[in-house]
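Can you keep this structure in mind? I'll have questions shortly.
Computed from the coordinates by the stated procedures, all read-outs in this text should not be read as laboratory data. Computed from a prediction, not measured in an experiment: that's the story for all the values here. Methodologically, a virtual Cβ is constructed for each residue, glycine included, from the backbone with ideal geometry; neighbour enumeration extends over all protein chains shown.
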Amino acid sequence: MVFKELDDLLDRYHAAGASFVDGDPEPQKAVFSHSADACLINPMGIVARGWPAVATTMDAAAARFCGGEITFELIHRVETPDVAYIAEVERWRARLVETGDFGSGELRVTSVLRRESRGWRVVHRHADPIPPQLPPHSTSDDP
C-alpha cells in the first residue's frame, strides 16, 4: 500500500510537470509539501526555501511557458516507508511567453519525497540543465 500511494503521487507529479510547461503551476503546487522545510532549486538559479517562497517561485517560472510538453526518463529510484527519492531526466519543449518562440531543454532532476499527514509530497526538487556538450552516456548507466 505504501508504494502504491507513492506511485500515485509520482503519476500526479509527472502530470503536474506537463501542466507546468503549459503555464499552470497549480498541479505542481498541489503535490509539493507546504512545510517550512520545503525546498526548490530551479534551473534559473533560484533557491526557494519554505512553502511561501516555493509557491512564489513556481508561479513565476510557470508564467514563462505555454503550449508545452514534457517527458520523463527515470534514472534511479529509492524508496522507504516514509522517504523516497528519484533522479530523472526531463525533456521539455514549450512556447516562451516573453518571445513567442519555442524553447526546449533537458534537465537533470532529483526529487525527494516524504510521507506527510496529507499523504506523499515532494519536499525537495533540484533541477539543472544538462549542458549540450556532455556525451549521451552522462545521463544513463551505459558506458
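Given Cα pairs under 8 Å that are at least 6 residues apart, what percent is the relative contact order of the stretch 15-101?
Working: 138 pairs, mean separation 23.7, N = 87.
Once divided by the residue count of the stretch 15-101, the mean separation gives 27 percent.
Still on this model: Which whole number of Å³ per residue matches the convex hull of the alpha-carbon atoms in the chain? All intermediate terms of the calculation are to be shown ahead of the outcome.
Working: hull volume 15.1 nm³, N = 143.
About 105 Å³ per residue, rounded to a whole number.
If you take every residue apart from residue 103 with its C-beta less than 14 Å away from the C-beta of residue 103, what net charge results, scoring Lys and Arg +1 and Asp and Glu -1?
Working: positive: 64, 91, 93, 95; negative: 22, 69, 90, 98, 101, 106.
The answer is -2.
Please compute the length gained on full extension between residue 118 and residue 34, using 0.36 nm multiplied by the number of residues separating them and subtracting their Cα-Cα distance.
Values: separation 84, 0.36 × 84 = 30.24 nm, distance 1.03 nm.
Taking 0.36 nm per residue and subtracting the Cα distance, the gain is 29.2 nm.
By how many nm would the segment from residue 110 to residue 83 lengthen if fully extended, with 0.36 nm per residue of separation less the alpha-carbon distance? Let's see the in-between values first.
Values: separation 27, 0.36 × 27 = 9.72 nm, distance 1.34 nm.
Computed gain between residue 110 and residue 83 is 8.4 nm.
By count of other Cβ within 10 Å, fewest leading, how are 20, 102 ordered? Each step should come with its number before you reach the end.
Values: 20 22, 102 11.
Taking fewest neighbouring Cβ atoms as first place, the list is 102, 20.
Any chance you could check the Cα centroid distance between the stretch 68-105 and the stretch 7-62 for me, in angstrom?
The two parts, judged by their Cα centres, are 12 Å apart.
Using a cut-off of 14 Å between beta-carbons, work out the net charge of the residues near residue 43 (Lys and Arg +1, Asp and Glu -1, residue 43 not included).
Values: positive: 64, 91, 108, 125; negative: 88, 90, 106, 128.
Around residue 43, the surrounding residues sum to 0.
If you don't mind, another one. Going by how many other beta carbons lie within 10 Å of each one, how would you line up 78, 123, 97, fewest first?
Details: 78 10, 123 21, 97 13.
Least crowded to most crowded, the residues run 78, 97, 123.
Of all DSSP beta bridges in the chain, what percent run antiparallel (nearest 5)?
On the way: 38 of 42 bridges.
In the chain, DSSP labels about 90 percent of beta bridges as antiparallel.
Set Lys and Arg Cβ to +1 and Asp and Glu Cβ to -1, take the dipole of the chain about its Cα centre, and tell me which of 92, 10, 38 lies farthest positive.
About the Cα centre, the residue reaching furthest to the positive side is 38.
Let me know the charge dipole size of the chain about its Cα centre in debye, to the nearest 20, where only the beta-carbon of Lys, Arg (+1) and Asp, Glu (-1) is charged. Walk me through the numbers before you get to the answer.
Values: 15 positive and 22 negative charges, 71 e Å.
Roughly 340 debye, rounded to the nearest 20.
What net charge is computed for the residues neighbouring residue 69, neighbours being all others with C-beta under 12 Å from the C-beta of residue 69, Lys and Arg scored +1, Asp and Glu -1?
Numbers: positive: 91, 93, 95; negative: 22, 90.
After counting each charged neighbour, the total is +1.
Now for a different question. Of the options 126, 47, 61, report the single residue whose Cα projects farthest towards the positive end of the charge dipole of the stretch 1-142 (beta-carbon charges: Lys, Arg +1; Asp, Glu -1).
It is 47, whose Cα lies furthest towards the positive end.
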